[in-house]
Amino acid sequence: MAKIEFRHVSKRFGAVEVIPDMDLVIEDGEFAALLGPSGCGKSTSLFMLAGIYLPSGGELLFDGHLVNEVEARDRNVGIVFQSYALYPHMSVRDNILFPLRFKKTPRDEALARVKAAADLVRVTELLDRRPSELSGGQQQRVALARALVKKPQLLLLDEPLSNLDASLRLSMRTEIKSLHEQLGVTTVLVTHDQIEATTMADRIICMRAGRIEQVGTPDDLYLRPSSLFVAGFIGSPPINLVAGKAEGGTFTADGTRFPVVGASGEITVGLRPEHLRFGEAGFAGRITQIEPMGREILYVVETGMGAVRVLEQGSFVGHTIGEQVKVAFRPENSLVFETKRQKLIVGAHVRTPA
Amino acid sequence: MVTQAAPAMTMAPSEPEIDWDSLASRARLARRTRAVVLYAFLIAVSLPIILPYFWLVTIAFSARTGVAETAVLWRSMAVVVPVIVGFWLAAALARNRRQLWFGFAAVAAVAVVAFALLVGPDLHLGNFIFLWEPDFASVVRSRVGEVKGAVQFPNVWHAFGNSILIAGAQTAIVVTVASLAAYYLSRFQFPGRSSMLRSLLVLHAFPVLTLIVPMFLMLYWIGLLDTLFGVILVLVAFELPFAIFIMKGFFDAVPWDIEMSALTDGASRRQAFVSVVLPQVRNGILAVAVFTFIRGWEEYIFVFTFLIRNSNWTMSLYMYWVRDDVMGVDYGVVSAVGVFYLVPSLILYMAAQRYLMQMSVGGVKG
Ligand SMILES: Nc1ncnc2c1ncn2[C@@H]1O[C@H](COP(=O)(O)OP(=O)(O)OP(=O)(O)O)[C@@H](O)[C@H]1O
Ligand SMILES: [Mg+2]
């Protein structure tokens, strides 16, 4: 097990600077998620940890030791690739055995460890098959077994669930998480799916264009997003963002006025759909779309400030398209950002208009 | 919309009844005609390809010294042409797998019987005298009363060995160098990479014959003229560019991931190449190997120019001199040498057919 540290790590591909300056600590035994949109440098960071890419600058430390120059094969890192990267010409057994081949593990012990790893991810019956004869979920488990069999000090998962169907994704989520609890190995998960990150990780590192936007627990990112980007990225359906101007305790957006405390000037207000509800008071709008989502119903409400999404609990559709409604929220659930710097203004709130 | 649909509805009953049966039989007839035309075309095209080889084999096993007789050829043709037509017909008419096999078996049985009756009595192995009699030229000539002037032939097995050596060594070198070079070209960025790739193709576009004089001078100065090694080097040089190009395609198709995965699994770059990447391009290596071997096996121009001593003769030179020396006396022996020369490439092609097919695909199979 290891504690991971990035100190001013940068990565350039030719003239393109993919990661300008990364500072990050991942504690021993932690389950961390690198979350960000496609192309933001998540895999690149992961590959630097694995030793596949050499950092262009800065220091990478495992347990306080500089590992920049340490070769991939000496790092004892288990990695599950997005494509699983199983060796197509080998049986599942040989695939899982492969990492032990280079460790000079005695044959008996190696086979026992393969068996144990296969049992752990429940692929014991598949040991004699070829990867091409496995389903996506089974391949994913085999890749996991191969990463775990060498007892890695660090487990890296590069979008391991993105090739699975929805229900399998759900069950693998729980399985990977319980596997982590069982083994306690420091784990870094890369994903662009915020639900994956929030459900599995202890801590989320939200990235944007090679920079870390915010590091925190899932709750931190949800309740106190430090920037507009994080607020927009975390939460599903996405947060409603209303830009306008605050002056003398009143926030005005396209003619709608909200009482505001703690902020003035150009601000953007974030209201999560699940924090909005229909009521007697509030800002007015007309329902234009209804999307039942099982346990919740999503309404799209056309207001003076544009379309606003409202999420109501329960499976009962109590409203109709075209209905005039008023939308309200609790002030502590509103998030206020500086429009220009895109940063959260801590302690500022807006209130439902009377 | 509604107003347009109404008249169509009212017109429907007045239309004539559709005769599904006649439509079906018309389609059936058209399909049959197409098949017949197709098969006729295939027969017409395949005959000129099959016949020369067939004649070569028939002559090799039936011609006799000093006798210019073609009757047996016509008789054998009288068997072969109907047999080919029979096979195509069986294939065209069979409605399922069993009928197909039954048809093939019937045609084959008839063919064997007819062949045994019409051609069988003329068959003999005498033309393969060169296999056990190195001085066969004198023997053959003495049969027709000529006693002098025969070329001193080396043992045919010696020429056979030389050919195997040239083709084999060339194949080993080309496959090894091409794999390594192609892997590097496929995986690493370095200055001049794209121009190198382009030049690989350009090199292949030159007619190699144009270089024969400079090559001769070069070999002469290096001191490799009239050595097998010299020829092997020349052949390797000419075969390499295309082999590298083909192999690069195969390496390009191997995903990066499995290589990176091998590296993190504790393999060195070399171990990853050998244990993970190479097995993915196995088919490519086999295809390149087979083509290179056959190219070396049939090589004629370079061996003719660069090899002089008859102990360095390859099969193609042997064939050339046999034709030069005994053709007028005994074309049966010439054909027999041809058959002997043909057999190894034939066996190789048939054994490797499955892999050669993949060359055009150039993909990785799981
Ligand atoms: N080998 C490379 N050469 C040049 N540019 C690269 C290379 N690898 C990645 N990049 C660039 O670096 C950026 C980040 O890539 P990376 O693969 O880390 O993204 P990612 O966050 O993993 O995205 P995704 O979610 O799509 O996998 C991308 O813009 C990509 O084009
Ligand atoms: Mg990625």
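Normalised by residue count, the stretch A:4-223 yields a Cα convex hull volume of 123 Å³ per residue. Summing Cβ point charges (Lys, Arg +1; Asp, Glu -1) relative to the Cα centre of the protein assembly as shown gives a dipole of roughly 760 debye. The mean number of Cβ atoms from other chains found within 10 Å of a Cβ in peptide A:72-79 is 5, as a whole number.
In this structure the amide hydrogen of residue A:308, modeled in the peptide plane, comes within under 5 Å of the amide hydrogens of A:301, A:302, A:303, none closer than 5 places in sequence on its chain. The simple Förster model, with R0 at 45 Å and r as the Cβ-Cβ distance, assigns residue B:99 and residue A:94 a FRET efficiency of 0.50. Across all C-alpha atoms in the stretch B:22-124, the radius of gyration and Dmax reach 17.5, 65 Å. Ordered from highest to lowest accessible area with the whole protein assembly present and a 1.4 Å probe, A:275, A:8 read as A:8, A:275.
In this view, the solvent-accessible surface of residue A:167, computed with a 1.4 Å probe and all protein chains in place, comes to about 90 Å².
The phi torsions of the stretch A:300-310, fed into the Karplus equation with coefficients 6.51, -1.76 and 1.60 and a -60° offset, translate into couplings of 9, 10, 8, 10, x, 9, x, 6, 10, 8, 10 Hz, rounded to whole numbers, with Gly and Pro shown as x.
Note on chain B: with a GNM built from Cα contacts shorter than 10 Å, the maximum mean-square fluctuation among B:233, B:47, B:56 falls on B:47. Inter-chain Cβ neighbour count for A:82-95, averaged per residue, equals 4 (cutoff 10 Å, partner chain atoms only). Considering only alpha-carbon pairs that sit under 8 angstrom and 6 or more positions apart, the relative contact order computed for the stretch A:1-130 is 21 percent.
Protein-only accessible surface at a 1.4 angstrom probe places the residues B:350, B:218, B:247, B:319 in the order B:350, B:218, B:319, B:247, largest first. Model label points for residue A:133 and residue B:165, set 7 angstrom from Cα along the Cα-to-Cβ axis, are 4.7 nm apart. With the charge dipole of chain A set up from +1 on Lys and Arg Cβ and -1 on Asp and Glu Cβ about the Cα centre, the Cα lying farthest toward the positive end among the listed residues A:126, A:51, A:324 is that of A:126. The mean count of C-beta atoms from other chains within 10 Å of the C-beta of residues in A:49-57, rounded to a whole number, is 2. FRET efficiency for the residue B:187 to residue A:324 pair, using the beta carbon distance and R₀ = 56 Å, is estimated at 0.30. Within the stretch A:2-96, the proportion of C-alpha pairs whose separation exceeds 24 Å stands at 26%. In the stretch A:4-223, Cα pairs under 8 Å separated by at least six residues give a relative contact order of 30 percent.
Solvent-accessible area assigned to carbon and sulfur over chain A amounts to 49 percent, based on a 1.4 Å probe. Counting only Cβ charges, +1 for Lys and Arg and -1 for Asp and Glu, the dipole size of the stretch B:22-124 around its Cα centre is about 820 debye.
Using the Stokes-Einstein relation with a Kirkwood hydrodynamic radius computed over Cα pairs, the translational diffusion coefficient of the stretch B:110-170 at 20 °C and a viscosity of 1.002 mPa s comes to 147 µm²/s. Note that the protein assembly as shown presents 50 Å² accessible area per residue, ligands and nucleic acids not counted, probe 1.4 Å. Chains B and A together bury roughly 1700 Å² of accessible surface, counting both sides and using a 1.4 Å probe on protein heavy atoms. From the square roots a ≥ b ≥ c of the eigenvalues of the alpha-carbon gyration tensor of the stretch A:173-299, which class results: rounded (a/c under 1.5), prolate (a/b over b/c), or oblate? Judged from the Cα gyration tensor, the stretch A:173-299 comes out oblate (a/c at least 1.5, b/c at or above a/b).
Under the convention that each Lys and Arg Cβ holds +1 and each Asp and Glu Cβ holds -1, the size of the dipole of the stretch B:156-361 around its Cα centre is about 500 debye.
With the Cα gyration tensor of the stretch B:156-361 in hand, convert its eigenvalues to equivalent ellipsoid semi-axes via √(5λ) and list them largest first in whole Å.
Over the Cα atoms of the stretch B:156-361, the ellipsoid semi-axes are 37, 20, 14 Å.
Taken over the protein assembly as shown, the ratio of Cα radius of gyration to 2.2 N^0.38 Å equals 1.45. Quick check on the stretch A:238-346: take the gyration tensor over C-alpha atoms, sort the square-rooted eigenvalues as a ≥ b ≥ c, and tell me if it's rounded (a/c under 1.5), prolate or oblate. Judged from the Cα gyration tensor, the stretch A:238-346 comes out prolate (a/c at least 1.5, a/b above b/c). Our coupling estimate for the stretch B:351-356, obtained by passing each phi through the Karplus curve with A = 6.51, B = -1.76, C = 1.60 and θ = phi - 60°, is 5, 9, 3, 4, 7, 5 Hz, Gly and Pro reported as x. Report the residue, chosen from B:266, B:296, B:338, that carries the largest GNM mean-square fluctuation when chain B is represented by alpha-carbon nodes joined by springs under 10 Å. Looking only at B:266, B:296, B:338, the biggest GNM fluctuation is shown by B:266. Scalar couplings 3J(HN,Hα) for the stretch B:196-210, obtained by applying the Karplus form with A = 6.51, B = -1.76, C = 1.60 to θ = phi - 60°, are 5, 4, 4, 5, 4, 6, 4, 4, 6, 6, 6, x, 5, 4, 4 Hz; x denotes Gly and Pro.
The relative contact order of the stretch A:112-201, computed from alpha carbon pairs under 8 Å that lie at least 6 residues apart in sequence, is 27 percent. Where a Cα-Cα gap under 27 Å defines reach, which lysines qualify for residue A:150, not counting those fewer than 8 residues away within the same chain? Those lysines meeting the cut-off are A:3, A:42, A:103, A:104, A:115, A:177.
Calculated translational diffusion coefficient of chain B (37 °C, 0.692 mPa s; Stokes-Einstein with Kirkwood radius over alpha-carbon pairs) equals 127 µm²/s.
Can you give the FRET efficiency to the nearest 0.05 for residue B:227 and residue B:198, using r as the Cβ-Cβ distance and R₀ = 51 Å?
Calculated transfer efficiency: 0.95.
For the residues A:84, B:220, a 1.4 Å probe over the protein chains yields an accessible-area ranking, largest first, of B:220, A:84.
The values are calculated or read from the model by the stated rules, or taken from the named source; none is laboratory data. Quick caveat, the model's predicted, so the values are computed rather than measured. No Cβ is skipped: glycine too gets one built from the backbone with ideal geometry, and neighbour counts run over all protein chains shown. Only protein heavy atoms, including side chains, enter the accessible area calculation; ligands, DNA and RNA are left aside. Shrake-Rupley method; radii C 1.70, N 1.55, O 1.52, S 1.80 Å.
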